[in-house]
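Q: Quick one: the structure is below, and I'll ask about it shortly.
Please treat every number below as a calculation from the coordinates, not as lab data. Remember, predicted model here, so these are calculated numbers, not experimental data. Here the Cβ is made from the backbone with ideal geometry for all residues, glycine too, and neighbour counts use every protein chain on show.
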Amino acid sequence: MLANPRGFCAGVNMAIQTVDEALKIVGTPLYVYHEIVHNRHVVARFEEQGVVFVDHIDDVPSNSTVIFSAHGVSPEVRNAAKSRGCTMIDATCPLVTKVHMEAVRYARQGFRIILVGHAGHDEVVGTVGEAPDAITIVESAADVERLQISDDVPLVYLTQTTLSMDDAQIIISALEDKFPQIKSPPSEDICYATTNRQHAVRDLATEADLVLVVGSKNSSNSVRLTEISENIGTRAYLMDDVTELRDAWFEGVNSVLVTAGASAPEDLVQEIVHHLEKTYGGKTEDRLVVEEEMHFNLPVTLRVMKQNA
């Protein structure tokens, strides 16, 4: 069974297209702050074309072009790039930008912001950077229990966009139980693509003996897909590509669900499907759970650069 939707979301498509277009206009070396998306193959393919990925903005030479990854960056990083005279192209997913704007707005209104997410994840680091004095990160219900906040402090929670809906709801319920006055974001922060891919696994994994998730280990949304399958009771493996498949996984297995995280290229999925068909005589069945039609425009800076090129 081949899950639909799977693989690239609108934000990832936009980010990858941004680097592709910038390579045509700017050439190399082209700098990207953090991995453009969390996928080993995507990053390696760009590196082969001369793209340089950096984890510190100081590693970007003055007056160079730098692209900010889909996960977003803090104002501190933007200011540092500006002070170095860099041309900045912002490939932040608009749904991540939405969370940034919520953080800024609530901080200005005097709210204490509880950010549900994984500390150290690029997206969370960028969001916290918008209002570091106002944001507290919680990763579990136990973290919520340890919070000591006065009842008269206005509270709001926001979430990382790539969380498991189930895990997030456990933490949100703990927050609402402990702080009945806490506000929720104006609209859901967990993004449509994360939600849809999780729905697909939740709906289809019960029909499978094994679930294969194509994605990298540092891809939060890919890791969540394997966890959801395991929680349902279907064994799951996360892999970057077909080379990681093991024959032992398929002993006694008659049905396999194949899906992919939002940053995994489709050609990697197809290589795995072809391997299953060739090696085990498998037959592929497409299973559509929900249609996706979301599209994001290229960053304004890049569109202007294209017009002037």
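Q: Find me the longest stretch of the chain that has none of the exposed GluC sites (Glu not before Pro), where exposed means in a DSSP loop (not H, G, I, E or B) with at most 11 other Cβ atoms within 10 Å. Please report the intermediate quantities before stating the final value.
A: Numbers: sites that count: Glu251, Glu285, Glu291, Glu293.
In the chain, the maximal stretch lacking such sites is 1-250.
Q: Can you give the FRET efficiency to the nearest 0.05 for Val289 and Thr87, using r as the Cβ-Cβ distance and R₀ = 51 Å? Let's see the in-between values first.
A: On the way: r = 41 Å, r/R0 = 0.80.
Rounded to the nearest 0.05, the efficiency is 0.80.
Q: May I pose another question? For Val214, Val66, what's the fewest-to-most ordering of other Cβ within 10 Å of each Cβ? Could you put the intermediate results ahead of the total?
A: Numbers: Val214 32, Val66 26.
Least to most surrounded, the residues fall as Val66, Val214.
Q: What per residue convex hull volume, in Å³, do the alpha-carbon atoms of segment 246-309 yield?
A: Details: hull volume 9.3 nm³, N = 64.
Taking the convex hull of the Cα positions in segment 246-309, it is 145 Å³ per residue.
Q: Scan the chain and report its longest stretch carrying no trypsin sites (Lys or Arg not before Pro) that are both in a DSSP loop and have at most 14 other Cβ atoms within 10 Å. List each step's numbers first, then the result.
A: Values: sites that count: Lys217, Arg246, Lys283.
Here the longest run is 1-216.
Q: What is the magnitude of the charge dipole of segment 192-288 about its Cα centre, with +1 placed on the Cβ of each Lys and Arg, -1 on the Cβ of each Asp and Glu, and no other charges, expressed in debye to the nearest 20? Don't skip to the end; give the middle numbers.
A: Details: 9 positive and 16 negative charges, 54 e Å.
With only Lys, Arg, Asp and Glu charged at Cβ, the dipole is about 260 debye.
Q: A further question follows. Per 0.36 nm of contour for each residue apart, how much would the distance between Glu277 and Ala309 grow if the chain were fully extended, relative to their Cα-Cα spacing? Provide the component values of the computation, followed by the final result.
A: Working: separation 32, 0.36 × 32 = 11.52 nm, distance 4.61 nm.
Length gained, Glu277 through Ala309: 6.9 nm.
Q: Can you tell me the relative contact order of segment 192-288? Whole percent, Cα pairs under 8 Å, sequence separation 6 or more. Please list the in-between numbers first.
A: Numbers: 141 pairs, mean separation 30.5, N = 97.
After rounding, I find 31 percent.
Q: For Leu158, which sequence-distant residues (separation of 5 or more, or a different chain) have an amide H within less than 5 Å of its own amide H, given hydrogens modelled in the peptide plane?
A: Correct list: Ile114, Leu115, Val116.
Q: Give the separation of the Cα centroids, segment 193-260 to segment 76-136, in Å.
A: 31
Q: Once amide H atoms are built 1.01 Å from N in the peptide plane, which residues 5 or more positions from Tyr31, or in another chain, come under 5 Å H to H?
A: Here Val52, Thr65, Ile67 satisfy the definition.
Q: Above 22 angstrom, tally the Cα pairs of segment 95-178 and express them as a % of all pairs, no decimals.
A: Working: 620 of 3486 pairs.
Counting every Cα pair in segment 95-178, those more than 22 Å apart make up 18 percent.
Q: Let me ask another. Size of the dipole of the chain about the Cα centre, Lys and Arg at +1 and Asp and Glu at -1 on the beta carbon, nothing else charged, in debye to 20?
A: My answer is approximately 820 debye.
Q: Separate question: Where does each of Asp90, Asp166 land when they are ranked from fewest to most other beta-carbon atoms within 10 angstrom?
A: On the way: Asp90 18, Asp166 13.
Ranking Asp90, Asp166 by Cβ neighbours within 10 Å, fewest first, gives Asp166, Asp90.
Q: I would also like to ask the following. Can you give me the distance in nm between label points at Arg105 and His56, each placed 7 Å from the Cα along the Cα-to-Cβ direction?
A: 3.7
Q: Place +1 on the Cβ of every Lys and Arg and -1 on the Cβ of every Asp and Glu in segment 1-109, take the dipole about the Cα centre, and give the residue among Val99, Gly50, Gly7 whose Cα lies farthest towards its positive end.
A: Of the listed residues, the answer is Val99.
Q: List the residue ranges in the chain for DSSP H helices whose C-alpha atoms run 20 angstrom or more along the long axis and whose Kyte-Doolittle average is 0.0 or above. Walk me through the numbers on the way to the answer.
A: On the way: long enough: 10-26 (23 Å, 0.81); 94-108 (21 Å, -0.09); 266-280 (21 Å, -0.62).
Span-like helices, by this rule, are 10-26.
Q: Under the definition of Cα pairs under 8 Å and six or more residues apart, what whole-number percent is the relative contact order of segment 93-194?
A: 32 percent.
Q: Just need the relative contact order of segment 1-130 here, percent rounded to a whole number, with Cα pairs under 8 Å and 6+ apart. Kindly include the intermediate steps, with their values, before the conclusion.
A: On the way: 172 pairs, mean separation 31.4, N = 130.
Result for segment 1-130 is 24 percent.
Q: Hey, another quick one. Can you tell me the dipole magnitude for segment 95-178 around its Cα centre, using point charges on the Cβ only (Lys, Arg +1; Asp, Glu -1), in Debye to the nearest 20?
A: On the way: 6 positive and 14 negative charges, 62 e Å.
Charge dipole of segment 95-178: 300 debye, to the nearest 20.
Q: Once Cα extents along the principal axes in Å is worked out from the coordinates, which option in [x] 59, 50, 36; [y] 51, 45, 42; [z] 58, 55, 30 does it equal?
A: [z]
Q: Now, a different point. Assuming a ≥ b ≥ c are the square roots of the Cα gyration tensor eigenvalues, decide whether segment 153-309 counts as rounded (a/c under 1.5), prolate (otherwise, with a/b larger than b/c) or oblate.
A: Numbers: a/c = 2.62, a/b = 1.32, b/c = 1.99.
Verdict is oblate for segment 153-309.
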